[in-house]
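Notes follow once the structure below has been shown.
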Amino acid sequence: MNSAICDLLDIEFPLIAFSHCRDVVVEVSKAGGFGVLGAARYNASTLEKELSWIDEHIDGKPYGVDLIAPTSMAGTEPIQPTKKIKKQVPQEYFDFASGILERHDIDSTDVYVTDFDSNSFLTQDGAASIIDVAFGHPIKLIANALGVPPPYMIDLGKEKGVLTAALIGTREHAIKQVEAGVNIVVASGTEAGGHCGDVSTLVLIPEVCSVLKDSGVPVLAAGGIVTGGQMAACMAMGAAGVWTGSVWLTCAESDTPPVLKEKMLQASSRETVRSRSRTGKHSRQLRSPWTDAWESNAAPKPLAMPLQSQVTENPLAKVTKLAEIGHEGARQLSTSWVGQGVGLMSSTQSAKAIVYEFMQDYLVASERLRASLTE
């Protein structure tokens with residue numbers, strides 16, 4: 001396919017699939033797209049195992065890694081032990097989260113016995129160790145999900161011939177990324193799952209493509225994109241391809257818990273919420289009584305990253321485990337990051353089938369546009 005992204009990444013079709021599941025990464029790359037492993041939940045040793053597995057199963061096809069190395073965080077300079085970070089959280093936050101669980105018949109007494117370790121990727125040293133692991137494998141792309149990539153990442157990319165990408169949500173951020181030296185800009189609209197801005201994909205893509213038109217840096221469109229028709233629309237606005245995430249959460253290979261898969265497949269596009277309550281930065285999640293509680297007037301104001309995660313991650317981990325063994329209160333509370341495109345995700349398919357469906361939908365949409373120009 002004639003696309004700058006296809007040329008840069010040596011792929012057949014400019015469909016980028018972000019997933020925390022290694023199986024999805026492999027299957028998408030083997031089908032002609034480009035799989036990107038989300039490394040935010042891995043420490044260095046775990047990431048090493050995941051990437052080694054991918055290397056063994058991907059048949060030499062190209063793939064990438066996405067991590068989080070935010071440029072501004074509270075309570076992490078210099079690096080602090082998790083217990084010290086946790087002590088900065090007022091008790092009312094733990095009490096509020098525990099109260100949500102108790103109201104849904106979930107015992108909260110053991111929720112905070114174990115500390116949530118955010119140091120694996122939210123510190124300079126932690127991010128550097130993960131970056132080193134990633135560059136020890138034949139990756140074609142490394143992306144930073146929050147802010148400008150650290151110079152260490154960009155410099156290593158240049159040295160090893162690995163492309164650097166970064167996700168942005170505004171035109172101004174796109175300019176900063178290009179000035180920092182990134183090779184690909186991922187313009188992510190507010191419809192996206194996970195961390196996102198407040199500008200819609202339909203507005204953001206042409207805005208970013210316009211401001212970067214003379215830079216030589218290609219733009220990937222992201223945010224609510226789950227069909228080939230949407231992909232064609234974004235490329236008609238100037239994008240060189242698309243970066244997708246939510247659509248892979250319900251595919252057959254995904255490790256998304258069954259209860260959450262079911263909730264996503266039944267959800268409408270209105271059943272997500274953009275909130276700071278999960279990590280301290282705005283992120284889009286599947287709406288549930290858990291998110292409703294944090295959006296209520298009774299909720300304390302979300303703390304900065306990484307403090308808020310100390311409050312939310314342990315309770316949500318327990319919710320997920322209990323939901324999978326049939327606890328009704330936990331099933332109701334269960335939530336996950338997902339974009340507004342969830343309303344178009346109505347069935348479970350293999351990752352390969354989704355790639356091929358994207359291709360077919362793209363062709364149909366392209367023919368529709370072409371037909372509109374003929375008499």
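Just wondering, is there one or more residues in segment 314-333 that are under 24 Å from T190 (Cβ atoms), in contact with a Phe, Trp or Tyr (Cβ under 6 Å, 6 or more places away or on another chain) and modelled with pLDDT of 95 or more? Give the derivation first.
From segment 314-333, those under 24 Å from T190 (Cβ atoms) are 316; that's our starting set.
Imposing the further condition that a residue be in contact with a Phe, Trp or Tyr (Cβ under 6 Å, 6 or more places away or on another chain) reduces the set to none.
No, segment 314-333 contains no residue that is under 24 Å from T190 (Cβ atoms), in contact with a Phe, Trp or Tyr (Cβ under 6 Å, 6 or more places away or on another chain) and modelled with pLDDT of 95 or more.
As an exercise: evaluate L265 against (1) in a helix (DSSP H, G or I); (2) farther than 30 Å from H57 by Cα and give the number of the one condition it does not meet.
Result: L265 fails condition (2) only.
Sort out which residues of segment 117-132 are crowded, with 19+ Cβ neighbours inside 10 Å and modelled with pLDDT of 80 or more, and write them in order of number.
Hits for segment 117-132 are I130, I131.
Out of G216, G241, G224, I need the residue that is buried (at least 24 other Cβ atoms within 10 Å of the Cβ), more than 20 Å from R284 (Cβ to Cβ) and either of a type in the set (A, V, I, L, M, F, W, C) or at pLDDT 95 or above (or both). Which one?
Details: G216 fails: buried (at least 24 other Cβ atoms within 10 Å of the Cβ); G224 fails: more than 20 Å from R284 (Cβ to Cβ).
None of the others qualify; the one that does is G241.
Only one of (1) in contact with a helix residue (DSSP H, G or I) (Cβ under 8 Å, 6 or more places away or on another chain); (2) surrounded by fewer than 20 Cβ atoms within 10 Å (Cβ to Cβ) is not met by L322, so which one is it?
Unmet condition: (2).
Sort out which residues of segment 196-206 are farther than 11 Å from I168 by Cβ and not polar (S, T, N, Q), and write them in order of number. Let's see the steps before the verdict.
Step one: filter segment 196-206 for residues farther than 11 Å from I168 by Cβ, giving 198, 200-203, 205-206.
Result: D198, L202, V203, I205, P206.
How many residues are under 20 Å from L307 (Cβ atoms) and either in contact with a Cys (Cβ under 8 Å, 6 or more places away or on another chain) or β-branched (V, I, T) (or both) if we restrict to segment 275-296?
Within segment 275-296, residues that are under 20 Å from L307 (Cβ atoms) and either in contact with a Cys (Cβ under 8 Å, 6 or more places away or on another chain) or β-branched (V, I, T) (or both) number 4.
Give segment 272-281 a look and list any residue that's in contact (Cβ under 8 Å) with a residue 60 or more places away in the chain, more than 13 Å from E191 (Cβ to Cβ) and either surrounded by fewer than 19 Cβ atoms within 10 Å (Cβ to Cβ) or under 15 Å from the mean Cα position of the chain (by Cα) (or both), or say none.
Initially, segment 272-281 is screened for residues in contact (Cβ under 8 Å) with a residue 60 or more places away in the chain, giving 272, 274, 279-281.
Now drop any that are not more than 13 Å from E191 (Cβ to Cβ), which leaves 279-281.
Hits for segment 272-281 are T279, K281.
Are there helices (runs of 4 or more DSSP H) fully within segment 28-104 with at least 2 residues that are at pLDDT 90 or above and not basic (K, R)? List them. Don't jump to the end; show me each part of the working.
On the way: elements: 44-57, 82-86, 91-102.
Qualifying helices (runs of 4 or more DSSP H): 44-57, 91-102.
Which is assigned to a strand (DSSP E or B) and farther than 15 Å from D66 by Cβ, of A221, A174? Break it down stepwise before answering.
Numbers: A174 fails: assigned to a strand (DSSP E or B).
Selected residue: A221, the only one of A221, A174 that is assigned to a strand (DSSP E or B) and farther than 15 Å from D66 by Cβ.
If the Cβ limit is 8 Å and pairs must be 6+ apart or interchain, which residue in segment 321-332 that is free of Cβ contacts under 8 Å to residues at least 60 places away in the same chain pairs with which residue that is buried (at least 19 other Cβ atoms within 10 Å of the Cβ) and not charged (D, E, K, R)?
Matching pairs, first to second residue: K321/A330.
Out of segment 333-375, which residues are without any contact (Cβ under 8 Å) to a residue 40 or more places away in the chain and charged (D, E, K, R)?
If the condition is that a residue be without any contact (Cβ under 8 Å) to a residue 40 or more places away in the chain and charged (D, E, K, R), then E367, R368, R370, E375 are the ones that fit.
Among the residues of segment 253-261, are any among the hydroxyl-bearing types (S, T, Y), within 16 Å of the chain's Cα centre (by Cα) and buried (at least 24 other Cβ atoms within 10 Å of the Cβ)?
As a first pass, look at segment 253-261 and keep what is among the hydroxyl-bearing types (S, T, Y): 254, 256.
Remaining after also requiring within 16 Å of the chain's Cα centre (by Cα): 254, 256.
Okay, now just the ones that are also buried (at least 24 other Cβ atoms within 10 Å of the Cβ), so none.
Looking for residues that are among the hydroxyl-bearing types (S, T, Y), within 16 Å of the chain's Cα centre (by Cα) and buried (at least 24 other Cβ atoms within 10 Å of the Cβ), one finds none in segment 253-261, hence no.
Pairs under 6 Å by beta carbon, first residue under 21 Å from V342 (Cβ atoms) and touching a residue at least 40 places away in the same chain (Cβ under 8 Å) in segment 238-250, partner aromatic (F, W, Y) and assigned to a strand (DSSP E or B), six or more apart or different chains?
These pairs meet every condition: G245/F18.
Just give me the residues in segment 9-27 being in a loop (DSSP other than H, G, I, E, B) and within 22 Å of I130 (Cα to Cα), in sequence order.
Taking segment 9-27 first, the residues in a loop (DSSP other than H, G, I, E, B) are 10-14, 20-21.
Selection gives H20, C21.
Name every residue in segment 159-171 that is part of a helix (DSSP H, G or I) and touching a residue at least 12 places away in the same chain (Cβ under 8 Å), in order of residue number. Let's see the steps before the verdict.
Filtering segment 159-171 down to residues part of a helix (DSSP H, G or I) leaves 159-160, 171.
Scanning segment 159-171 gives K160, R171.
The values are calculated or read from the model by the stated rules, or taken from the named source; none is laboratory data. These figures come from a predicted structure and were not determined experimentally. Backbone-built Cβ (ideal geometry, glycine too); neighbour counts: all protein chains shown.
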